[in-house]
Amino acid sequence: MKKVGKIIADFPLTPESLIPILQEIQEEFNFLSEDSIKKVAAGLSLPLHHVYSVATFYNVFSLKPKGRNIVKVCMGSACHVRGAGRILEEIERSLGIKNGETSADGSFSLETVNCLGACALGPIMVINKKYNGHITPAKVEKIFQEFTSQ
Amino acid sequence: MKLTGNEQLVSVRTHLTEKKSTLRTVSLCGGTGCRASESEKLLVLLRKTVTEKNIDITIKETGCHGLCENGPLMVIRPENIFYQRIQPSDIDEIVEKSLKNGEVIERLLYEDPETGRKLIKENDIPFYEKQQRLVFAQNGHIDPKSIEDYIITGGYSALTRVLSDLSPEEVIGEVEKSGLRGRGGGGFPTGKKWKSCRIAPGSSKYVVCNADEGDPGAYMDRSLLEGNPHSVIEGMLIGAFAIGAREGRIYVRAEYPLAVENIIKAIADARKWGLLGEKILGSELSFDIEVTKGGGAFVCGESTALMQSLQGYSGEPRTKHIHTTESGLYNLPTNLNNVETWANIPIIINRGAAWFNKIGTPGSKGTKIFSLVGKVRNTGLIEVPMGMSLREIVFDIGGGIPGGREFKAIQTGGPSGGCIPGQYLDRSVDFDELTSLGSMMGSGGLIVMDEDTCMVEVARFYLSFLVEESCGKCTPCREGLWQLLSILTRITEGKGKEEDLAALEEIGEMVKDSSLCALGKTAPNPVLSTLRYFKDEYMEHIVDKKCSPGVCRSLFQYKIDNEKCTGCMLCQVKCPYQAIEGRKKEVHTIDTAKCVKCGICFEVCRFDAVKKV
Ligand SMILES: Cc1cc2nc3c(=O)[nH]c(=O)nc-3n(C[C@H](O)[C@H](O)[C@H](O)COP(=O)(O)O)c2cc1C
Ligand code: FES
């Protein structure tokens, strides 16, 4: 894994680099730790509150570590009218965690997103990078069974 | 190769065209929709099989063809054979029969749902027949990763025309005459915006492309960046020339990795070819573009918030008493346009403002790309002339509502747009007409809703999105939307009072009038438009404590129809909550105390025996 210091050093040390740096840290570690936020603030000579405000403003950043597998359920309008709400509930039941949580053994994190841009295939759930389209509540259990048996 | 002038571009184009025109091609869609249907696997397989069988054909991975619902899609040219829903197991046969011998495989053709006829060509399919593809003309034809493909189709000729024949003022005049209005939602006249940015004083100026596309349900900007990135670059170059900008930025949504990848590649290629950088094509124009990934905040699509975000801050809008064309990025004059707006520019320059001006309605010129989604048969991206009626879009292009259900409403304009009911289906898509119906054009999402949709719940859904995305800077939006949401939630839970309707209207109007940015100013639209057209549904929830479409859980129950139940036990087995009782071949019953209304029994029953009451 790339170290936080190395990531910071790859960018020009200007305020515009803040979001790209945080994005790369998020991508590398799946979350922004307290320590990394402090390092970024120091590295860019920005007040800590500024970095914290940006880290909590944007949806792509998470302050909590995530699980090994990330499940994203689209809650965009197109998916919503095709019943995404009930699907989310079925997934919550199936995984035993609520939206925004990570399972105790660290295997799954469950998140919602506002549109994956594949609305024609809605309702959609993405497990890691794999898209599962046209989901119905009855299919949810089976998708996870297949996923875990792989 | 670095091009140094117009003549060279023309001769390169002629050379490339000669080289490529004899070849047959097979285009496989590699847009996000088709990739989600595993088109990448097909591409690998196709390449392998074609090489093995030693067939002389060019394989292209193109951008989105539009009919995403039926993906993965493939077109074989010059025959124009259009295949859909292709599986890996079909590849062998496609290569053997169609690519080698030009034969058509019936099974993979589109079937007209009305006539049952199999249609061979893309243009014969009703979904495409009524469209007018200008901005999208090359999507599905060119390989977005190849600048050569773009150049062959006439790419960068608008730029050369501008550089050799026109002054900046003439370019602006042309854009003004075309009547083009911004495609990002506001519908502001593009030429007018350019002019005010050109005359604004500043040591340096910026042009920015808004590719944040935060509207859930809309994905045309993504498809353009993915499928034809050079058209956006060319538009920005022409804008930079007209406005006098040296630097450009593209602010693109982080959730669009393929769009980011393709636009970055296109920029790098354009630099290599001397189409970005210093002294472009030997002219006085120097211009370059940087790409910035957004952070997934809807409000960052708003112009002032976007510029805050580009500078590394949280995306909070400011009041616009001073326009961003005068003081935007780093307090310098900045011209922001949407992806689709930029992509229209080369077309206007190439074909002329007078030609462009003939398309559309008096107030809205040209075409518009819509994403037609929700409860409609042919979901996907469509491009139609402004002024087409909603009915033609939903029923002719979209093929109507699936499953024999009735149309209820069409939602336009993104989360803060409005819901338009059936009696206005003959109204047309036009900036002013949609606004007069209490909705708006927005970025072009069209979400079709059928009789199973509860309009009160729809309003609640949009409000919950907007509450979440409100940046919280101004009080009317932050608190007002929250109030609206809590009233709506109460109504959907069966706890509504008749006075609530007046309160919704009053708070809605207040938020509209007093919010700082356009997010708040439009956010009450979903509530106000549903109140305007679907008041009966609100009353049903409040007075009768019922939700006829069976969406609001507190207001309906699942019940098994004794006549229809065969006692097959399927629902009982599938119910995750053990809420269904009954023995084999005996009528089942639902224990309402245990039932959480997940709807699985309703979905799995093959005898239509589970009812919502
Ligand atoms: C909350 C909000 C979100 C917006 N999101 C977008 C967006 O995602 N893409 C876009 O092009 N314009 C968006 N806009 C409109 C922009 O503020 C701006 O008007 C537009 O980018 C200007 O380009 P145009 O004149 O070419 O339409 C949004 C506006 C608001 C208020
Ligand atoms: S709304 Fe779900 S993918 Fe667009």
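The values are calculated or read from the model by the stated rules, or taken from the named source; none is laboratory data. The structure presented is a predicted model; accordingly, all values stated were derived computationally and were not measured. Because the Cβ atoms are built from the backbone with ideal geometry, glycine has one as well, and the counts that use them run over all protein chains shown.
Considering the range B:323-355, the residues that are of a type in the set (Val, Ile, Thr) and either away from chain A (no Cβ under 14 Å) or farther than 21 Å from B:Ile250 by Cα (or both) include one that is nearest to ligand 1 (Cβ to nearest atom), namely B:Thr341.
Residues that are part of a loop (DSSP other than H, G, I, E, B) and within 12 Å of the chain's Cα centre (by Cα) were ranked within the range B:207-257; the one that is surrounded by the most Cβ atoms within 10 Å (Cβ to Cβ) is B:Tyr219. When A:Ser103 is tested against (1) closer than 16 Å to A:Leu32 by Cβ; (2) away from ligand 1 (no atom under 16 Å from the Cβ), exactly one condition is not met: (1).
Given the structure, is B:Ser39 within 27 Å of A:His134 (Cα to Cα), surrounded by fewer than 24 Cβ atoms within 10 Å (Cβ to Cβ) and more than 14 Å from chain A (Cβ to nearest Cβ)? Spelling it out, it is not the case that B:Ser39 is within 27 Å of A:His134 (Cα to Cα), surrounded by fewer than 24 Cβ atoms within 10 Å (Cβ to Cβ) and more than 14 Å from chain A (Cβ to nearest Cβ).
Listed by first and then second residue, the pairs linking a residue in the range A:113-124 that is more than 7 Å from chain B (Cβ to nearest Cβ) to a residue that is crowded, with 24+ Cβ neighbours inside 10 Å and modelled with pLDDT under 90, with Cβ atoms under 7 Å apart and 6 or more places separating them unless they lie on different chains, are A:Ile124/A:Leu116; A:Ile124/A:Ala118.
Filtered by the rule that a residue be away from ligand 1 (no atom under 11 Å from the Cβ), more than 30 Å from A:Met75 (Cα to Cα), assigned to a loop (DSSP other than H, G, I, E, B) and not hydroxyl-bearing (Ser, Thr, Tyr), the range B:272-322 gives B:Trp273, B:Gly274, B:Leu275, B:Leu276, B:Glu278, B:Lys279, B:Glu284, B:Leu285, B:His321, B:Ile322.
For every residue, the table says whether it meets (1) assigned by TED's automatic domain parsing to the domain that holds B:Pro415; (2) of a type in the set (Val, Ile, Thr); (3) touching a residue at least 24 places away in the same chain (Cβ under 8 Å).
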residue: B:Glu506; (1), (2), (3): no, no, no
residue: B:Val511; (1), (2), (3): no, yes, yes
residue: B:Leu516; (1), (2), (3): no, no, yes
residue: B:Lys521; (1), (2), (3): no, no, no
residue: B:Pro526; (1), (2), (3): no, no, yes
residue: B:Ser529; (1), (2), (3): no, no, yes
residue: B:Arg532; (1), (2), (3): no, no, yes
residue: B:Lys535; (1), (2), (3): no, no, yes
residue: B:Tyr538; (1), (2), (3): no, no, yes
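Condition first: over 20 Å from B:Asp143 (Cβ atoms) and either among the hydrophobic types (A, V, I, L, M, F, W, C) or touching a residue at least 60 places away in the same chain (Cβ under 8 Å) (or both). Can you find one or more residues in the range B:77-97 that meet it? Among the residues of the range B:77-97, not one is over 20 Å from B:Asp143 (Cβ atoms) and either among the hydrophobic types (A, V, I, L, M, F, W, C) or touching a residue at least 60 places away in the same chain (Cβ under 8 Å) (or both), which makes the answer no. When B:Val384 is tested against the conditions (1) within 23 Å of the chain's Cα centre (by Cα); (2) within 14 Å of chain A (Cβ to nearest Cβ); (3) away from ligand 1 (no atom under 16 Å from the Cβ), the lone failure is (2).
A:Glu92 is checked against (1) out of contact with any Asp or Glu (no Cβ under 7 Å at 6 or more places or on another chain); (2) at pLDDT below 95 and fails just one. What number does that condition carry? So the condition that A:Glu92 fails would be (2). In the range B:575-591, is there at least one residue being out of contact with any helix residue (DSSP H, G or I) (no Cβ under 9 Å at 6 or more places or on another chain) and either in a helix (DSSP H, G or I) or within 14 Å of another protein chain (Cβ to nearest Cβ) (or both)? No, the range B:575-591 has no match at all. Name the single residue that is surrounded by the most Cβ atoms within 10 Å (Cβ to Cβ) among those in the range A:36-95 being free of Cβ contacts under 8 Å to residues at least 24 places away in the same chain and of a type in the set (Phe, Trp, Tyr). Top of the filtered list is A:Phe57. What's the total number of residues in the range B:187-245 that are within 13 Å of ligand 1 (Cβ to nearest atom) and aromatic (Phe, Trp, Tyr)? Going through the range B:187-245 one residue at a time, the tally reaches 3.
The residues listed here are A:Arg86, A:Arg82, A:Arg93, A:Arg68; of these, the one that is more than 16 Å from ligand 2 (Cβ to nearest atom) and more than 18 Å from the chain's Cα centre (by Cα) is A:Arg93.
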